[in-house]
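Remarks on the structure that follows.
Laboratory data are not the source of any read-out in this text; all were calculated from the coordinates shown. In this text, all values refer to a predicted model and were calculated from it rather than measured experimentally. Cβ atoms come from the backbone with ideal geometry, glycine included; neighbour counts cover every protein chain shown.
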Amino acid sequence: MTNYELVCGLETHIELSTNTKIFCSCTTEFGGDPNTHCCPVCIGLPGTLPKLNKRVVEYAIMAGLATNCEISRVSKMDRKNYVYPDLPKAYQISQYDMPLCKNGWVELSNGRKIRLTRIHIEEDAGKLVHQRGGTYVDYNRGGVPLIEIVSEPDIRSIDEAKEYLEKLQLIMRFIGISDCKMQEGSMRCDVNISMRPMGTEKFGTRTEIKNMNSFAHMAKAMDYEMNRQIDLLQSGEAVVQETRRYNEEDDCTESMRGKEDAHDYRYFREPDLVTIQVSDEIVNELKDKLPELPQKKAKRYMEDFGLPEADALLLTQYRKISEYFEAASKGVKNPKTVANCMIGQIFSRLEGDGAKENFAVKVTPENLNALVRLLDDGKIRMNLLKTTLEKMLDTGKAPSELISENDMGGVDPGALKAACEQAIAANPNAVSDYLGGKEKALKAILGAVMKATRGRADAMEVEKLLVQLIKK
Amino acid sequence: MVTHEEILNIANLAKLSVSPEELDELTKDMNEIIGFADTINAACPQASDFDNINGLSNAFREDIVVPSYDREEILKNAESRDDGYFLVKKRM
C-alpha cells in the first residue's frame with residue numbers, strides 16, 4: 001500500500017488592533033449593537049472615498065519584518081470584485097500583485113522553515129446572520145483592517161500546521177499588532193491540502209477548507225480531509241479541486257463550490273487610493289520599534305539565565321509574562337527561582353490563556369524581586385519564600401509587610417538540632433517505621449520540626465539532619 | 001471583439017439577468033467602450049502608467065476614532081430592516 005504525504009499551505013487572516021477601520025475613522029471595537037460602528041464609507045455609499053489608515057501600513061510592515069519578509073518599496077491597493085451581501089460595495093479593497101511584504105519565513109521547532117509567499121492588507125467584510133428565512137447584515141466588522149499571510153505549501157503534518165499557526169499568533173501578539181483570538185474571529189485561516197505518494201515531488205490536486213476558527217477544528221478538518229483524499233487516491237479516483245467547509249456537527253468536510261464556479265474576481269487597481277511608497281527610513285524606524293521576538297527571547301533565557309527550554313517557552317508565551325519575568329529577575333542571583341515562582345505558584349492562579357495574556361497579578365514584579373533577593377541573601381529559606389508568595393498573591397502586600405525580622409535569618413543550628421531531637425523523641429512509632437524501611441514515615445517527624453520552627457527551617461536541611469540523628 | 005458569451009459571463013458575475021435584446025445592445029455598447037479606450041491608448045503610446053497619473057503617493061489618515069453615524073442614518077435607505085440589521089433575501 002502506498003504511503004501518502006501531506007502538502008499543505010495556510011492563508012491566515014489576522015485582524016489588526018488599530019483604533020479605527022482601514023479606510024474610515026469608525027471604531028474597530030469588537031461587538032457593539034449592529035450597525036453602530038458605521039459611516040457612509042464603510043457601508044459603501046456611492047460618492048464616498050476611502051482614506052488609508054497609516055497605522056495599518058505600519059503594522060503590516062512590522063508583521064513582515066517579524067517574519068523575515070522583504071518589504072516592498074512600492075505598493076498599491078486593488079479591487080477584488082464579488083457580489084455578496086457582506087460586502088456593500090460589491091468589491092473588497094485588497095492587494096493583488098503588489099503586496100506590502102514578500103518572501104518571508106517562520107521557523108518551526110524541528111528546524112523546518114515554512115516560507116511565506118506574501119503578506120497583504122485588506123478590509124474585512126460585514127457579518128451575516130442567516131435566520132428566520134432572511135439574511136441579517138451587520139457592517140460593524142466591515143472595513144476592519146486585516147492582514148492576510150499566505151504560506152508556501154511547505155507544511156507536512158497537522159502538528160506542523162498547528163505549530164506554524166501558534167508561532168504566527170505568538171509573534172503577532174508580541175509585536176502588539178493583533179490579539180489573534182481565534183474564538184472572536186480576529187485570527188482565522190483557510191487550509192490548502194493535497195496528498196502525494198511519499199517520496200514523490202509532484203503536487204496532487206488540492207482542496208481548500210475555508211474559515212477555520214479554532215486549532216482543534218483545524219486539526220480535525222485536516223485529519224478528515226487527508227483521509228478522504230487518501231481514500232480517493234487509493235481507489236483510483238481523482239480529487240476534485242474545490243472549496244470545502246468543515247462541518248463541526250458531523251466532523252467532516254463538505255463541498256462549497258467547485259472549480260467551475262471558482263470566483264472570477266476581476267482585480268483591478270483601486271483608483272480612489274494613491275500608491276504606497278515605503279522608504280528605508282520608515283522600515284528602519286519600524287525595525288527599531290520591534291520588541292525582541294519570542295523565539296529569540298526564549299533562546300536568551302536559556303543561554304543567559306540557564307533556564308530549561310520548557311520554562312523559557314512558558315515565559316515567552318505572552319509579552320506581559322516575559323516583561324514581568326525580566327523585571328522580577330533583575331539583579332537576582334538565580335533567575336530560575338523567579339521562573340519557578342511564576343510557573344509554579346503564579347501561573348496556577350491564572351485560569352486559561354486569557355488570564356495569562358493579561359497577567360493581572362496582585363504581586364508586582366518589584367515585590368517578587370525583593371522576595372527572591374531575601375532568599376539570595378540567605379535571610380529566608382525556600383519554604384518561607386513559598387508561603388510568603390502565597391500571602392502576597394492573596395493580599396498584594398510587599399514581602400517586608402509579611403515577613404518580620406524574627407522570621408529572617410533561618411534557625412540557629414543549635415536550636416534546630418534540639419528541635420529535631422525533640423521531634424524524634426516525640427514520634428517513636430514514626431522512627432521505628434522509618435528504620436523498618438518506610439521512608440515516608442520521616443515526613444511526620446519533619447512536619448513536627450517545621451511546626452516547632454514555625455516554618456523557618458529549611459526542609460531539605462532538616463531532613464538531612466533527621467536522617468543523621470536517627471541513624472546514629 | 002467582445003462576444004455574447006463574455007457579456008453573459010460578466011452579467012452572471014454581477015448577478016444581472018440580461019434579455020436577448022439587451023444582450024445585443026450591451027455587446028455593441030461594450031465594444032464601443034473598449035474601442036474608445038483603444039483610441040486613447042493609440043493616441044499616446046509612450047505613456048505607460050495610467051494607474052498613477054498624478055504621481056501621488058502616501059495620502060494617509062491618522063488612526064484617530066471619529067464617532068460613527070447614528071444607526072437611524074445608516075439604515076435610512078435600507079429597503080428592508082429588522083432589529084437594527086439590514087435585512088436581505090437569503091441566498092446560496
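General remarks:
- Residue list for the stretch A:166-192, given a label point 7 angstrom along the Cα-to-Cβ vector of A:Tyr84 and an amide N cut-off under 13 Å: A:190
- Estimated FRET transfer efficiency when R0 is 35 angstrom, pair A:Lys417-A:Thr395 (beta carbons, to 0.05): 0.50
- Amide H contacts of A:Ile380 (H built 1.01 Å from N, in plane; Pro and chain starts excluded): A:Leu375, A:Gly409 sit under 5 Å, all sequence-distant by 5 or more or on other chains.
- Taking the DSSP beta bridges with both ends in the protein assembly as shown, the antiparallel portion is around 90 percent.
- When only Cα pairs below 8 angstrom with a gap of at least 6 residues are kept, chain A shows a relative contact order of 13 percent.
- Under 5 Å from the amide H of A:Asn68 lie the amide H atoms of A:Trp105, each residue being 5 or more positions distant or on a separate chain, with H modelled from the backbone and absent for Pro and chain starts.
- Segment B:Ile64-B:Glu6, extension gain: residue separation times 0.36 nm, minus the distance between their alpha carbons: 16.4 nm
- Average silhouette area of the stretch A:24-178, convex hull of alpha-carbon atoms, in square nanometres: 11.0 nm²
- Ranked by how many other Cβ atoms sit within 10 Å of their own Cβ, fewest first, the residues A:His217, A:His37 fall in the order A:His217, A:His37.
- Length available on full extension from A:Lys443 to A:Asp280: 0.36 nm per residue minus the Cα-Cα distance, which gives 52.1 nm.
- Partnerless cysteines, meaning none of the other Cys C-beta atoms lie under 4.7 Å away, in chain A: A:Cys8, A:Cys24, A:Cys26, A:Cys38, A:Cys39, A:Cys42, A:Cys180, A:Cys189, A:Cys252, A:Cys341, A:Cys420
- Peptide B:13-25 shows a mean partner chain C-beta count of 1 within 10 Å per residue C-beta.
- Spin-label model distance (nm) - A:Ala238 vs A:Lys296, 7 Å beyond Cα toward Cβ: 4.9 nm
- Amide H contacts of A:Cys252 (H built 1.01 Å from N, in plane; Pro and chain starts excluded): A:Asn247 sit under 5 Å, all sequence-distant by 5 or more or on other chains.
- With N the number of residues in the stretch A:4-285, Rg(Cα) / (2.2 N^0.38 Å) evaluates to 1.02.
- Here the residues A:Leu389, A:Leu233, ranked from fewest to most Cβ neighbours within 10 Å of their Cβ, fall in the order A:Leu233, A:Leu389.
- Counting only other chain Cβ atoms within 10 Å of each residue's Cβ, the peptide A:126-136 averages 4.
- Look at the stretch B:71-77: the mean tally of other chain Cβ atoms within 10 Å of its residues' Cβ atoms is 4.
- B:Glu73, B:Glu21, A:Glu5 arranged by Cβ crowding within 10 Å, fewest neighbours leading: B:Glu21, B:Glu73, A:Glu5
- Residue by residue, the stretch A:81-90 carries 3J(HN,Hα) couplings of 8, 7, 9, 7, x, 6, 10, x, 7, 6 Hz when phi is fed to the Karplus relation 6.51 cos²θ - 1.76 cosθ + 1.60 (θ = phi - 60°); x denotes Gly or Pro.
- The mean sequence distance of close C-alpha pairs (under 8 Å, at least 6 residues apart), as a share of the length of the stretch A:413-471, puts its relative contact order at 39 percent.
- 20 Å binning of all Cα-Cα separations within the protein assembly as shown, expressed as whole percents from 0 upward: 16, 39, 27, 13, 4, 1
- Pair A:Leu469, A:Ala216: separation of 7 Å Cα→Cβ label points (nm): 5.3 nm
- Two-site label geometry, B:Lys15 and A:Ser109: point separation in nm, points 7 Å out along Cα→Cβ: 4.7 nm
- Rounded to whole Å, the principal axis extents of the Cα atoms in the stretch A:413-471 read 29, 17, 17, largest first.
- Each helix, a run of at least 4 DSSP H residues, gives -39500 (n - 2.57); summed and divided by the residues of the protein assembly as shown, these come to -12000 deg cm²/dmol at 222 nm.
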